[in-house]
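Worksheet for the structure shown next.
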Amino acid sequence: MTSARGQLDGLAVRTPIGHALPAMFHDDAFAQRLCDGLDAVLAPVPSTIDNFWAYLDPALAPIDFVEWLAGWVGIELDQTWPEQRRRELVARAITLYERRGTAEGLADLIELYVGVRPVVEDSGGVTWSAAPGAALPGSGQPSFIVRLAADEGSVDERRLENMVVTNKPAHVAHRVEIGPARRPRTADLPPPPPTAGPAPPEENEE
């Protein structure tokens with residue numbers, strides 16, 4: 001896709017310029033050769049227009065065009081991210097905006113950035129009681145904690161902090177905690193599936 005926006009040898013055109021000349025030039029070898037040279041220069045233009053739908057798809061567009069699409073949806077991509085992650089962020093931009101300011105939306109965004117889903121614990125709570133005037137759950141001071149299991153040095157903490165600040169409600173206090181990724185212990189692993197024994201011999205019906 002990227003090369004289609006520049007000169008590409010052998011790129012065919014559906015309507016050569018030479019065919020658009022008056023009929024008296026159709027058999028003129030010099031005029032046709034001249035137009036053939038122009039076809040090679042202009043061929044990427046109709047090719048790009050014919051495939052413009054693909055440029056609007058973050059999964060198919062050239063990566064430099066994905067950077068432009070990110071500007072359309074108000075996202076600044078981190079150049080240190082893998083290409084696939086940048087494409088996915090642009091593709092999911094609308095969904096992320098719909099959930100912006102929520103614990104789930106923030107967890108989705110951090111998961112795209114780090115590749116690991118964090119645990120976001122907020123100070124709110126929901127409960128019920130048959131007694132009137134029962135104590136309310138949670139805390140009166142809105143706050144939340146982002147807990148991320150990641151190895152030391154694998155996450156840019158400054159970028160992560162900035163991401164949380166710009167995607168949370170401004171009045172809500174927060175704290176980011178990054179701890180070592182937990183390795184599963186043998187006791188935490190599911191038991192192996194039972195092995196099937198030999199099939200019983202089939203009985204012959206007489």
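Would you mind ranking I110, I63, I49, I75 by Cβ crowding within 10 Å, fewest neighbours first? Write out the running numbers ahead of the final one.
Numbers: I110 22, I63 14, I49 9, I75 17.
By the 10 Å Cβ count, ascending, the order reads I49, I63, I75, I110.
Below 8 Å, C-alpha to C-alpha, sequence gap of six or more: please give me the relative contact order for segment 1-160 in percent.
Working: 142 pairs, mean separation 21.9, N = 160.
Relative contact order for segment 1-160 comes out at 14 percent.
How large are Rg and Dmax for segment 21-62 when only the alpha carbon atoms are used, in Å?
Cα only, segment 21-62: 15.9, 47 Å (Rg, Dmax).
Could you state the orientation-averaged shadow area of the convex hull built on the Cα atoms of segment 53-120, in nm² to one decimal?
4.5
Measure off 7 Å from each Cα along the Cα-to-Cβ vector at A131 and E177, then give the distance between these two points in nanometres to one decimal.
The two pseudo-label positions are separated by 3.1 nm.
All of the numbers you see were taken from the coordinates with simple rules; none came from a lab. Only a predicted model underlies this, so the values are computations on that prediction, with no experimental measurement involved. Cβ coordinates were reconstructed from backbone atoms using ideal geometry, including for glycine residues, and neighbour counts include every protein chain displayed.
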